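Here is the structure we will look at.
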Amino acid sequence: MIKYIAASIIMILAFGYIVFFAVPDIPSFDDYFATLYLIKTFYFEDADFAKQLGLLFARHNEHRIVISRALAATYYCIFGKLSFHHLLILQNLFLLAFVGIVVRLYRKYAVLNPVIFLFITSFLFGLSFYQVTSFYWGGIQHYTVFVFSFLCLVCLNDSEKWWSSGFGLAVLSGMLATLSFGNGILALLMGCFLLFVRSRYKLLIIWILFTSMMIIYGFRIDKPERLSVVDFNFEWMGRLLFTFLGSFLYVNPSVGHYANIIVCMLAGIVVAGFWLWLFFSGYAFRKPLLYVLFSLPVVTGIIISISRFETKSAGGIAPRYMFFTATIPVMIVLILLDMRIIKWPQLRYILPVTLSIWGLSFYNNYFALKAMRTELNETVVKWKKDKSIPLVYYHDAKNTSGVLEWAICNKVLTNPIYDGACDQHSSENR
């Protein structure tokens with residue numbers, strides 16, 4: 001068993017190396033407006049408490065990102081500057097919390113031992129979702145949303161009375177999940193199914209009222225998002241969905257990219273079929289907690305495939321979504337162990353496959369991370385010489401440049417890479 005423990009430790013240390021030594025300490029993509037603009041409005045524009053609160057809870061695209069905004073605002077309040085490296089470390093603490101929840105589930109429903117822990121580690125400490133691990137990106141709050149979604153459903157499953165501490169924690173966790181990311185609302189809907197199946201009708205009535213209020217808040221307070229002008233295509237949706245559901249097998253290869261996507265798509269079809277079989281076979285009603293936890297990434301995939309269908313299969317292997325799919329094999333194995341379809345010693349025969357997936361994914365995505373980090377650094381260097389260069393290709397160059405230059409001139413950011421970027425023309429941004 002020592003070799004399994006050693007392998008798990010090596011994986012965790014390799015993952016930790018990325019978090020502590022390989023992530024870029026600069027804002028990127030959504031950070032300019034979701035994070036820097038937040039600090040500008042929060043602390044430099046005499047915003048009163050109501051405006052500050054409104055900014056925290058305002059929608060970012062189609063998401064609420066209260067947790068990421070609150071962390072950034074709190075960090076600046078304490079230290080008087082922002083370190084995106086430190087913010088990323090804080091963000092990755094939620095991954096550790098999520099792993100803790102998963103380990104507790106395995107202890108409750110199956111035998112937890114070094115073999116099983118190595119299996120869990122190979123998926124939850126990988127680099128397939130390196131964008132979530134290595135960039136703050138305002139709206140990328142996948143760790144927090146799953147931490148609070150899983151915690152919400154686990155507490156709700158154990159709740160008997162509405163006045164119990166467990167039910168109160170479920171309500172709080174459900175609220176935080178909804179305010180963390182767009183798919184957090186799924187935890188509340190899954191909670192309705194969970195309480196209904198367990199015949200806890202009094203709690204169900206309260207939960208339905210709570211869920212309704214959160215849905216109204218989440219979708220009706222802000223202006224609705226502009227709908228896609230592309231006609232809906234079921235084939236594209238299916239390609240995205242099945243690729244997404246099987247993307248835990250994607251290793252980002254330099255050769256054989258399309259073959260890897262086909263493997264993911266075929267695996268996704270199996271995952272979808274297994275999910276439906278669990279429902280129609282009655283397992284969902286016998287073990288509703290495990291079913292709804294498994295359903296979280298599956299239904300997330302359905303939502304993404306509907307809202308991003310025009311990206312086709314490529315949308316199913318986006319690294320910013322692949323933390324969700326990394327939980328799919330972890331939940332499937334837990335369910336198979338619970339159903340006695342497999343026993344834990346049999347996992348030793350598939351560990352070579354999972355370790356190979358982890359190794360290939362880590363190697364390939366490490367270089368993808370390095371390339372993205374280099375590109376960000378080079379863009380900043382070019383921008384220092386020519387402020388018309390866009391920092392983010394899909395944002396207006398003038399606006400993003402203004403926010404970044406303001407942050408540098410007001411010492412919100414102190415990374416040496418920005419030395420010399422604040423000149424006499426920056427005073428208008430102060």
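Which one is nearest to residue 20 (Cα to Cα), of the residues in segment 348-382 that are over 27 Å from the mean Cα position of the chain (by Cα) and in contact (Cβ under 8 Å) with a residue 24 or more places away in the chain?
381
Within segment 1-95, which helices (runs of 4 or more DSSP H) (wholly inside it) include 2 or more residues that are touching a Ser or Thr at 6+ places or on another chain (Cβ under 6 Å)?
2-17, 66-79
Of all the residues that make up segment 299-314, how many are assigned to a helix (DSSP H, G or I), open to solvent by 10 Å² or more (accessible area, probe 1.4 Å) and not hydrophobic (A, V, I, L, M, F, W, C)?
Total satisfying the criteria: 5.
Of the numbered conditions (1) closer than 21 Å to residue 244 by Cα; (2) in a helix (DSSP H, G or I); (3) not charged (D, E, K, R), residue 319 fails exactly one; give the number of that condition.
Unmet for residue 319, out of (1) closer than 21 Å to residue 244 by Cα; (2) in a helix (DSSP H, G or I); (3) not charged (D, E, K, R): (2).
Please pick out the residue among 98, 129 that is over 20 Å from residue 170 (Cβ atoms), open to solvent by less than 10 Å² (accessible area, probe 1.4 Å) and not acidic (Asp, Glu).
When all the criteria are applied, what remains is 129.
Exactly one condition in (1) open to solvent by less than 10 Å² (accessible area, probe 1.4 Å); (2) in a loop (DSSP other than H, G, I, E, B); (3) of a type outside the set (A, V, I, L, M) is false for residue 119; which is it?
(2)
Restricting to segment 367-390, give me the number of residues that are open to solvent by less than 50 Å² (accessible area, probe 1.4 Å) and closer than 25 Å to residue 128 by Cα.
Matching residues across segment 367-390 total 5.
The values are calculated or read from the model by the stated rules, or taken from the named source; none is laboratory data. Keep in mind that this is a model prediction, so the values were computed, not measured. Backbone-built Cβ (ideal geometry, glycine too); neighbour counts: all protein chains shown. Just the protein is used for accessible areas: all its heavy atoms, side chains included, with ligands, DNA and RNA removed. Shrake-Rupley method; radii C 1.70, N 1.55, O 1.52, S 1.80 Å.
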